1. Post the alpha-carbon centroid distance, region 111-156 to region 24-62, in whole angstrom.
2. What nm value, rounded to one decimal, do you get for the distance between residue 129 and residue 45 when each label is placed 7 Å out toward the C-beta?
3. Extension gain residue 53-residue 99, at 0.36 nm per residue separation less the Cα-Cα distance, in nm?
4. Considering all projection directions equally, how large on average is the shadow of the alpha-carbon convex hull of region 1-102, in square nanometres?
5. Residue 122 to residue 67: extension gain in nm, 0.36 nm per residue of separation minus the Cα-Cα distance?
6. At 7 Å along Cα-to-Cβ for each site, give me the label-to-label distance between residue 21 and residue 92 in nm.
């Protein structure tokens, strides 16, 4: 049978904190206390500063409120296009990486290849029509020019 003294010692040993836990607590308590003291000092300084500055703020509010509005709108005016630019660039970057991973570029290449071929055919047919019409247009232009010259000479 197990000795009751050993059982109590073993039970107490399992409940006792480890060395790393003791070191963590020994480090965190002073650190947390110093942060709490700094928070209290900051709050106290803020309340005192606000109590001192309130009369000045009330006195200069007709100037400070419009100035704050102008500064706020100017800052918003500079930050908004930057945010839109970053958003658009990240969207394009995402789209590029998505297209690289998918089969879509091959499909687009096939589609744009067909589109380019059709565009080339239409352009060539337009050029051919223009070349067919050019001699007629030149003769019509010559006739119009001679008529115009005849009208000038007859009116003079």
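Read the figures in this text as sums done on the coordinates, not as results from a lab. Values in this document were obtained by computation on a predicted structure and should not be read as measured data. Don't worry about glycine lacking a Cβ; one is built from the backbone with ideal geometry, like all the others, and counts go over all protein chains shown.
1. Cα centroid of region 111-156 versus Cα centroid of region 24-62: 83 Å apart.
2. Between residue 129 and residue 45, the label points sit 8.0 nm apart.
3. 10.8 nm
4. Values: hull surface 72.3 nm².
One quarter of the hull surface, i.e. the mean projection, equals 18.1 nm².
5. Extra length available between residue 122 and residue 67 comes to 13.7 nm.
6. Taking the two extended label points, one gets 5.7 nm.
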